[in-house]
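Here's the structure, in structure tokens; my notes come after.
Just so it is clear, none of the values below were taken in a lab; they were calculated from the coordinates. Values in this document were obtained by computation on a predicted structure and should not be read as measured data. As a convention, Cβ positions derive from the backbone with ideal geometry for all residues, glycine included, and neighbour counts pool all protein chains shown.
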Amino acid sequence: MNLEELQQDFISAIFEKNNSTAAKHVTGDDRLTAEQRLGIYRGSVHGILTSSLGVTFPVTKSLVGEKFFDHMCDVFIDKYPPTSPFFVKYGGAFSEFLEQFEPAKSISYLSDVAALEWARHQVWHEVILESVDFSEMASLTEEEQATVWFELKQSLRLIESGYRIDLIWFAHQDGSEIKLEDVNIDEGVQLLIWKGTDGIKITQLDTNYQDYWDFLTAISEKNNITQLAGKFGEHLPSHLNRCIQEGWIKSFNRN
Amino acid sequence: MGNQNSEKTIQTNALPTIQGCGIGLRLEHFDEIKEQKPDIPWFEILSDNYLIEGTSQREYLYKFREDYPVTFHGVGLSIGSTDPLNMDFLKSLKKLKDEVQPAWISDHLCWTSAHGVVTHDLIPLPYTKSVITHIVDRIKQVQDYLGEQIVIENVSSYLQFKDSEMKEWDFINEVTRKSDCKLLLDVNNIYVSSQNHLFDADEYLYAMPQERIAEMHLAGYEDHGTHLLDTHSRPVTDPVWDLFTKAVEHFGDVPVLIEWDSDIPSLQRVMEEANKAKAIQQKVLPLCA
């Protein structure tokens, strides 16, 4: 017996529905054949992972119903089996998968809702870091300040959608006053998902924070102050101050 | 400039004493435990869920540890895999251990990942001499890296391998003896496997190496007609309580823990199960003295 081959055969049985090879290693009896016994493991693994995806994507699940969600997960799990022992890292490809999953295409916003839920999941599990003391920037020379660039907090994500996925998400929360039938979901939205002191927040940038999407994107692309000034002109100081006050920017660096 | 990240210092009892009947710490009970600080002697934490530094869960654990002794329990070691040990995982586990100071670290006598794919489930091994050699080598590597003995748990299984050369209990004895690790004896898993493979649960139980048993587990299973499934979603069943009673009679005062991982009820309900285990210990142990 070669343990490495046995484990490869087992992985195929669990994630490729190909249990004929693995069955050769297994004893069957009157109650259950070798294939059926392997099927218990396929069912158990898929059950564990489907349950985990249901916790990470509760609104996506609610939108399609449990039965269809389980079916989507079944296909997804075979196509994208986990590769990390860190459970919280599983599901990153779910939104992309749903975009291509033909049976789910009638719900055009489903993939974007899943992306929003994944962003919330990631932000929740991100490291909590204190911001640096930005007053230290005052000690830099003007020349040095010109090359400063900023880092966004890791516990922050930018999501853009052609649908009001924020309202779809809020409408599915307990006690929400938002009714899905009252919402025009066919409007584009730019969202910032971030971890505040009192939980995960979903902030719509394109209404209350005009051009902050472009600003935060420029920061995430490591634009320095000179480049930011070129793009945002007189708004740069106020944008920067607001981002620092909100805790969206973690630190500053120089090239 | 740059990030601020400091070494964590927690006020804990450096070497926590684990005694009596504990329960598994679950997210669903976080708030209640934080507010009420119930009289529970110790908790087992699912260490895999706390390995990422700086997360909210990890911050909770630091505070939690100030009030309760803990043990670590994981599935991510994949001690029986033919893949190389995941050193990133081990490094994270060691860091968490150093910070939180659990009484011990346990994982399972099985494999959970292979060929780069992680099942997050407990897959059994063939019981052969070559597999013993493989497992013993890996347990030793882990123990050397962590700087302490680890505790290995017997798993439930739903199949047996044609190539197995010995009984599961002989396999466990050899692995624990040769690697000099401790044993987490899951009484429910013995019962589940005995029903799935039609062997005598008592024979398995009494063959366990008493001197290596650090902890016992109790949990509930689902009866699927053709087999029992170890789901940790139900109360402990009467046959498992009976087997546990025999275990207490035979092995004496060993810390025991109630696992409840899905369809999780109230904290009070889980504590009732722990109290039932405690009552059995209190009834049986004086008779063994």
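Here are a few things to note about the model shown:
- When B:MET208, B:MET216 are arranged by Cβ crowding within 10 Å, least crowded first, meaning fewest neighbours, the order is B:MET208, B:MET216.
- Classified by the C-alpha gyration tensor, chain B has an oblate form. Its axis ratio a/c, with a ≥ b ≥ c, is 1.5 or above, and a/b does not exceed b/c.
- Among B:PHE72, B:PHE30, B:PHE64, residue whose mean-square fluctuation peaks in a GNM of chain B (springs only between Cα atoms under 10 Å): B:PHE30
- If the chain linking A:LYS231 and A:SER131 were pulled fully straight, counting 0.36 nm for each residue of separation and taking away their Cα-Cα distance, it would gain 33.5 nm.
- Of the residues B:VAL192, B:PHE89, B:ILE264, the one whose Cα sits farthest toward the positive end of the charge dipole of chain B, with +1 on the Cβ of Lys and Arg and -1 on the Cβ of Asp and Glu, is B:PHE89.
- Comparing A:ASP30, A:ASP206, A:ASP174 in a Gaussian network model of chain A, where Cα atoms under 10 Å apart are tied by springs, the biggest mean-square fluctuation is seen for A:ASP30.
- Violating pairs (Cα-Cα greater than 31 angstrom) within the set A:LYS195/B:LYS97; A:LYS67/A:LYS179; B:LYS140/B:LYS276; A:LYS89/B:LYS246; B:LYS91/B:LYS283; A:LYS105/A:LYS179: B:LYS140/B:LYS276; A:LYS89/B:LYS246; B:LYS91/B:LYS283
- Cα centroids of segment A:103-144 and segment B:93-172: 38 Å apart.
- Of the Cα atoms belonging to chain A, the radius of gyration and Dmax stand at 23.7, 83 Å.
- Take the Cα of A:LYS222, step 7 Å toward its Cβ, do the same at B:MET87, and the gap between the two points is 2.6 nm.
- The chymotrypsin sites (Phe, Trp or Tyr not before Pro) of segment B:148-206 that meet both conditions, a loop assignment by DSSP and at most 16 other Cβ atoms within 10 Å of the site Cβ, are B:PHE199.
- Rounded to the nearest 20 debye, the dipole size of the protein assembly as shown about its Cα centre is 660 debye, using +1 on the Cβ of Lys and Arg and -1 on the Cβ of Asp and Glu.
- Kirkwood Rh and Cα Rg combined as Rg/Rh, the protein assembly as shown: 1.01
- Relative to the longest principal axis of the Cα atoms of chain A, the long axis of helix A:3-15 lies at roughly 80 degrees.
- With R₀ fixed at 35 Å, the C-beta to C-beta distance from A:GLU16 to B:GLU148 puts the FRET efficiency at about 0.35.
- Ordered by the number of other Cβ atoms lying within 10 Å of each residue's own Cβ, fewest first, B:ARG138, A:ARG157 fall into the sequence B:ARG138, A:ARG157.
- Number of partner chain Cβ atoms within 10 Å, mean per residue of A:7-14: 5
- Residues A:VAL75, A:VAL59 in ascending order of nearby Cβ atoms (within 10 Å, fewest first): A:VAL75, A:VAL59.
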